[in-house]
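What follows is a single structure, and I will ask about it in a moment.
The values are calculated or read from the model by the stated rules, or taken from the named source; none is laboratory data. Predicted model, so just to flag it, every value in this text is computed and none were measured. Positions of Cβ are backbone-derived with ideal geometry, glycine not excepted, and every protein chain shown enters the neighbour counts.
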Amino acid sequence: MSSSWNWFSLGVESSHRGIFWLTASPLIIYLLCCVALRTHQRRGGLSKSKYGDFSTMTLEEAYLIKTRIAEHEFPLVFSAALNSVFFKAEGVPSIAKLVARAAQRSSSANHRPARKPKPGLSATPADLLGRPGAPETKAAIDRVNSIHSLYRPSGKMSDDDLLSVDVLSLFTLETIRWIDRFEWRALTAEERCALAMLWRALGEELRIPFEKLTSFRDGFRDPLHWLAELEGWGRQYEEKNREKSPESVFLAQKHFDARLGSLPGCLKRPAHSVFSALIEPGLRQAMGIETPPSAVVFLVDMVIYARKCIRRHFCSPMGLVGGYKRASAFISSVGFDGYVVADPFGSRAPIY
């Protein structure tokens with residue numbers, strides 16, 4: 001009897017092991033495939049050893065790297081970073097005044113139908129991020145230059161504002177920062193070099209001067225050198241110009257109302273704290289946003305960390321080719337009459 005029981009126990013244990021391996025094997029194989037594909041994906045970009053130094057990278061090669069980042073690997077975070085720039089820029093009073101004027105106009109008492117960008121006379125960041133030298137990209141750059149010509153002579157927007165918004169935040173550092181913070185890996189040196197090279201070339205096309213950068217006269221060694229100096233200048237610009245203003249507070253409230261307005265009353269306060277935790281402390285102070293409880297900040301950080309782990313180990317690295325293009329529908333556009341803010345407030349209105 002004892003011998004029969006031992007054989008039965010061994011059979012049950014063997015059966016359990018078989019079920020375990022039958023269940024675990026596909027997961028292990030999937031994880032190994034993800035590791036192999038991600039390794040291949042990272043090695044598929046340009047390697048510094050191919051050039052000896054990054055100064056020999058061409059605009060076309062930089063564009064291909066940007067396309068892989070924005071459309072294949074990180075479409076959600078890349079497009080979200082571009083959207084966040086318009087919100088971040090509103091912490092500067094001179095920019096907040098222009099945007100607040102449009103927001104007030106769009107919510108005026110008469111509720112007239114808001115004006116939309118005229119066909120062919122508006123541009124989105126996605127248009128500016130097109131292939132260098134392509135007719136569509138050149139046309140978008142020309143349209144933005146026409147818009148800038150309305151504001152630069154009058155002093156409504158300074159060269160420093162344009163350097164900060166159009167080059168520093170919008171096209172360079174903010175996308176790098178968001179990917180570093182929210183994605184499963186940071187950008188490699190060649191990826192940061194490619195983005196810096198594209199945005200520097202675009203800044204030159206937009207006639208934005210770089211004289212404020214230390215090495216402007218002597219020349220930059222490579223795009224990464226330019227990027228490092230731009231980041232240093234950007235910190236000084238924010239320290240000098242970012243401050244609390246009535247327009248910034250007004251815009252922050254409008255953003256939160258638009259995003260939380262459809263939630264039940266009992267959820268608005270917790271959701272407000274979660275959104276506030278995603279905003280950097282300096283920007284929260286400049287826009288009059290309450291500091292969220294430390295418990296909420298900790299919870300948000302844990303969710304971000306969990307997302308990174310899931311993305312790194314469980315999500316397929318085969319990115320969707322059209323991801324960025326779909327997301328770009330939610331990115332602000334720039335209209336011929338002025339900056340047309342991506343209207344989280346319900347409509348679009350030009351800034352005069």
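Might you let me know whether segment 158-179 holds any residue that is under 26 Å from Leu64 (Cβ atoms), buried (at least 22 other Cβ atoms within 10 Å of the Cβ), among the hydroxyl-bearing types (Ser, Thr, Tyr) and modelled with pLDDT of 90 or more?
Scanning segment 158-179, I find at least one residue that is under 26 Å from Leu64 (Cβ atoms), buried (at least 22 other Cβ atoms within 10 Å of the Cβ), among the hydroxyl-bearing types (Ser, Thr, Tyr) and modelled with pLDDT of 90 or more, so the answer is yes.
Yes or no: segment 140-163 includes at least one residue that is free of Cβ contacts under 8 Å to residues at least 60 places away in the same chain and touching a strand residue (DSSP E or B) at 6+ places or on another chain (Cβ under 8 Å).
Yes: one or more hits.
Applying the selection to segment 183-233, what residues are charged (D, E, K, R), touching a Leu at 6+ places or on another chain (Cβ under 7 Å) and under 23 Å from Leu64 (Cβ atoms)?
Answer for segment 183-233, where residues must be charged (D, E, K, R), touching a Leu at 6+ places or on another chain (Cβ under 7 Å) and under 23 Å from Leu64 (Cβ atoms): Glu190, Arg192.
Under 6 Å by Cβ, and 6 or more places apart or on different chains, what pairs join a residue from segment 238-263 that is over 16 Å from Arg284 (Cβ atoms) and of a type in the set (A, V, I, L, M) with one that is at pLDDT below 90 and not in a helix (DSSP H, G or I)?
Ala258/Pro344; Ala258/Phe345
Next question, about the same structure. Considering only residues that are without any contact (Cβ under 8 Å) to a residue 24 or more places away in the chain and surrounded by fewer than 18 Cβ atoms within 10 Å (Cβ to Cβ), which ones fall in segment 285-295?
Glu290, Thr291, Pro293, Ser294, Ala295
Could you check segment 125-223 for helices (runs of 4 or more DSSP H) lying wholly inside it with 3 or more residues that are hydrophobic (A, V, I, L, M, F, W, C) and within 19 Å of the chain's Cα centre (by Cα)?
174-182, 189-205
Further, regarding this structure: Might you check whether a residue that is within 22 Å of Met287 (Cβ to Cβ) and modelled with pLDDT of 90 or more occurs anywhere in segment 213-227?
No, because not a single residue in segment 213-227 is within 22 Å of Met287 (Cβ to Cβ) and modelled with pLDDT of 90 or more.
Of the conditions (1) farther than 22 Å from Ile176 by Cβ; (2) in a helix (DSSP H, G or I); (3) of a type outside the set (A, V, I, L, M, F, W, C), Arg235 fails just one. Which one is it?
Unmet for Arg235, out of (1) farther than 22 Å from Ile176 by Cβ; (2) in a helix (DSSP H, G or I); (3) of a type outside the set (A, V, I, L, M, F, W, C): (1).
Okay, next question. Which residue pairs have Cβ atoms closer than 7 Å, lie 6 or more positions apart in sequence or on different chains, and pair a first residue in segment 177-192 that is touching a residue at least 60 places away in the same chain (Cβ under 8 Å) and farther than 22 Å from Trp226 by Cβ with a second residue that is buried (at least 16 other Cβ atoms within 10 Å of the Cβ) and among the aliphatic types (A, V, I, L, M)?
Once the first residue is touching a residue at least 60 places away in the same chain (Cβ under 8 Å) and farther than 22 Å from Trp226 by Cβ and sits in segment 177-192, its partners that are buried (at least 16 other Cβ atoms within 10 Å of the Cβ) and among the aliphatic types (A, V, I, L, M) give Phe182/Val77; Glu183/Val77.
Please determine whether any residue of segment 73-86 is surrounded by fewer than 17 Cβ atoms within 10 Å (Cβ to Cβ) and either under 30 Å from Glu191 (Cβ atoms) or at pLDDT 80 or above (or both).
yes
May I pose another question? On the basis of being of a type in the set (Lys, Arg), surrounded by 13 or more Cβ atoms within 10 Å (Cβ to Cβ), farther than 30 Å from Leu59 by Cβ and in contact with a helix residue (DSSP H, G or I) (Cβ under 8 Å, 6 or more places away or on another chain), does Lys268 make the cut?
Yes, satisfied.
Need the failing condition index for Gly155 against (1) over 30 Å from Phe314 (Cβ atoms); (2) crowded, with 17+ Cβ neighbours inside 10 Å; (3) of a type in the set (Gly, Ala, Ser), just the number.
Checking Gly155 against (1) over 30 Å from Phe314 (Cβ atoms); (2) crowded, with 17+ Cβ neighbours inside 10 Å; (3) of a type in the set (Gly, Ala, Ser), the one that fails is (2).
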